[in-house]
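Take a look at the structure below.
Readers should treat all values here as calculations from the given coordinates under stated rules, not as data from a laboratory. Only a predicted model underlies this, so the values are computations on that prediction, with no experimental measurement involved. Note: ideal-geometry Cβ built from the backbone for every residue, glycine included; neighbour counts use all protein chains shown.
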Amino acid sequence: MSSTQDIVARLKQRALKDKEKSETDIEVKTSAKDLPKSKDGLTIYPSFNKMNLNKDLLRGIYSIGYEKPSLVQSKAIVPIISGKDIIIQQQSGTGKTATFTIAMLQVLYGLQNKNKSGLQALVVSPTRELAIQINGVIENLGNYLKVKNFCLTGLTNNVSGDKVSIEKKIKLDLKTLAAADIVSGTPGKVVDCLKRNQIDFENLKMIILDEADELLDENLGFKKQIYEIFNKINSKTQVVILSATMSKNILEISKKIMNWDNHIKILTKKKEISLDVIKQYKIDLKENWKFNTLQDILNTVSYQQVVIFVNNVKKCTSLYAFLNKQKFSIVFIHSKLSQLERLEQMNKFRNGTYKILVTTDIWARGIDVQQINLVINYDLPVNIENYIHRIGRSGRFGRLGKAINFVTEEDQKQLAKIEKYYKIDIPDMPSDL
């Protein structure tokens, strides 16, 4: 006889199938005139079903647990599908990745007009980890579509083993890349493949820049590579730009690479950036107190998973060694690790095998692990705009998170700048947290 757990499991499975059937088999043609408008004049679609999406795409959306669109998804998915160039500035954890992925999959596979082969959509992001994560989102949302995608983060770095096995893997990667409709990659690898004629943009419909403030920053090395990429695309290619922060300088650069006369902006004013779902605290201390204070916090504060941010590789490795010696469940990620090592470490953390991650700002942007509910800034970020990226690793999709900031006497000016920039007042950490 079946157990009650089996009965409940079957009922849940049946309910999910009924939901998929009701929301994918019945196509509702929705008029935008019947839907509410946002303050910026954009139509708000209250459900995915009202967006007239392909039924197999809807199946993918509902199968991974989405029930209704987030605010940015409700405003931006349909305009992207319409083909307009668009800039989206929304804070971390609001569903930006799913926004462009759903729209991209609808354009490429949902409109039943795909009659060209070759690369048709390119997603560019600043880190390998983010490119890999985006590729995973594409696969999950496109699970019921015949999606041909490839993650371009380095051909020889994707495998370990002897020379023969590596060469075989490279050949297989090149074959998969040549057949891909969608590529998620980092700027350097995309440019390298362009120069080697391993990809071309002849049929490229859409290019997406994720974490654009970093990709287009004057002081970082990506900007030249982004310009090289844009010099190869045709004028009809749709441009989608996304980030949690967006400076005036980035907007000015965007004018050079977008159809500025026919574009849409979905921007959040600085004063409207909400950190309410993340409870933020500070601890005033001396630099040489940090080790022991951190150990006390990890032993007393409740958390599912925690990310600890430091400002350099040396401190990352020393902090990992200290906590590992204390028998904490910990991994670390920084820029000096190989791609394979970083991927292995990230997977150990993502699947819950390890509860603590110590890292540099390489992990501050875009990475989504739902179980993170505590972020510790062991060092305050040097770049003020990275503060929201860091603490945004907790409080994903409106869930309550906590952020604890270690503040030395030398950090007081930086803390004041952060509080002024985000119009917040960070209190001392209470004794009963």
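So how do Phe291, Phe309, Phe222 line up by other beta-carbon neighbours within 10 Å, fewest first? Numbers along the way, then the final one.
Details: Phe291 15, Phe309 28, Phe222 22.
With the sparsest Cβ surroundings first, the list reads Phe291, Phe222, Phe309.
Going down the list Lys55/Lys232; Lys75/Lys148; Lys189/Lys279, which pairs span over 31 Å between their C-alpha atoms? Write out the running numbers ahead of the final one.
On the way: Lys55/Lys232 34 Å; Lys75/Lys148 27 Å; Lys189/Lys279 38 Å.
Beyond 31 Å: Lys55/Lys232; Lys189/Lys279.
When a/c reaches 1.5 or more, the comparison of a/b and b/c decides; with that in mind, is the range 274-422 rounded, prolate or oblate per its Cα gyration tensor?
rounded
Each label point is 7 Å from the Cα along the Cα-to-Cβ direction; what then is the distance between the points at Asn351 and Gln304, in nm?
Taking the two extended label points, one gets 1.9 nm.
To the nearest 0.05, what FRET efficiency results for Leu71 and Lys195 with a Förster distance of 41 Å applied to their C-beta separation?
0.50
Computed FRET efficiency, Cβ-Cβ of Ile170 and Glu139, R0 25 Å: what is it to the nearest 0.05? Spell out each step's value before the answer.
On the way: r = 21 Å, r/R0 = 0.86.
Working from the Cβ atoms, E equals 0.70.
For Asn219 and Ala321, FRET efficiency with R0 = 51 Å and r from the beta-carbon atoms, rounded to 0.05? Let's see the in-between values first.
On the way: r = 31 Å, r/R0 = 0.61.
Rounded to the nearest 0.05, the efficiency is 0.95.
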